[in-house]
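J.: There's a structure below that I have some questions on.
The values are calculated or read from the model by the stated rules, or taken from the named source; none is laboratory data. These numbers were taken from a predicted model, which means no experiment stands behind them. Because the Cβ atoms are built from the backbone with ideal geometry, glycine has one as well, and the counts that use them run over all protein chains shown.
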Amino acid sequence: MVKSEVEAVKLPKTIVGMYAEVCKCSNGYYNVRLNRKWGYVNENGNVIIPVKYDAPADFDETGKALVRRDREYIYITETGEEHEV
């Protein structure tokens with residue numbers, strides 16, 4: 001766990017302790033890593049997008065993030081919908 005990033009995110013300690021890494025993302029979300037996969041939680045620690053991606057990304061102004069899953073890049077929306085690139 002990256003201590004400096006964990007201190008900066010100010011998520012509840014019980015939520016932070018569930019993940020190997022927590023990083024600030026865009027739109028009030030956090031990227032979380034567990035077992036080499038990434039997902040997204042909100043500032044309350046609620047899972048927004050399940051941990052299943054190989055590489056996370058910030059959401060852009062249109063509400064999409066370009067992520068990698070199973071060696072392919074796809075777009076995901078803030079609600080977790082997946083779209084081909």
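J.: Where in region 27-85 are there strands (runs of 3 or more DSSP E), lying wholly inside it, with at least 3 residues that are within 11 Å of the chain's Cα centre (by Cα) and not aliphatic (A, V, I, L, M)?
T.: Filter on region 27-85 gives 30-34, 37-41, 47-53.
J.: Can I ask one more? Could you grab me the full set of residues in region 70-85 that are charged (D, E, K, R) and either exposed (fewer than 10 other Cβ atoms within 10 Å of the Cβ) or closer than 20 Å to Asn27 by Cβ (or both)?
T.: Listed by number, the residues that qualify are Asp70, Arg71, Glu78, Glu81, Glu82, Glu84.
J.: Which of the residues spanning region 20-39 are aromatic (Phe, Trp, Tyr) and either touching a residue at least 24 places away in the same chain (Cβ under 8 Å) or loosely packed, with under 14 Cβ neighbours inside 10 Å (or both)?
T.: Residues satisfying the conditions are Tyr29, Trp38.
J.: Could you check how many residues of region 72-84 are closer than 18 Å to Arg33 by Cβ and modelled with pLDDT under 95?
T.: Qualifying residue count for the region: 1.
J.: Here's a follow-up. Working only within region 16-44, note down all residues that are at positive phi and among the charged types (D, E, K, R).
T.: Matches in region 16-44: Arg36 only.
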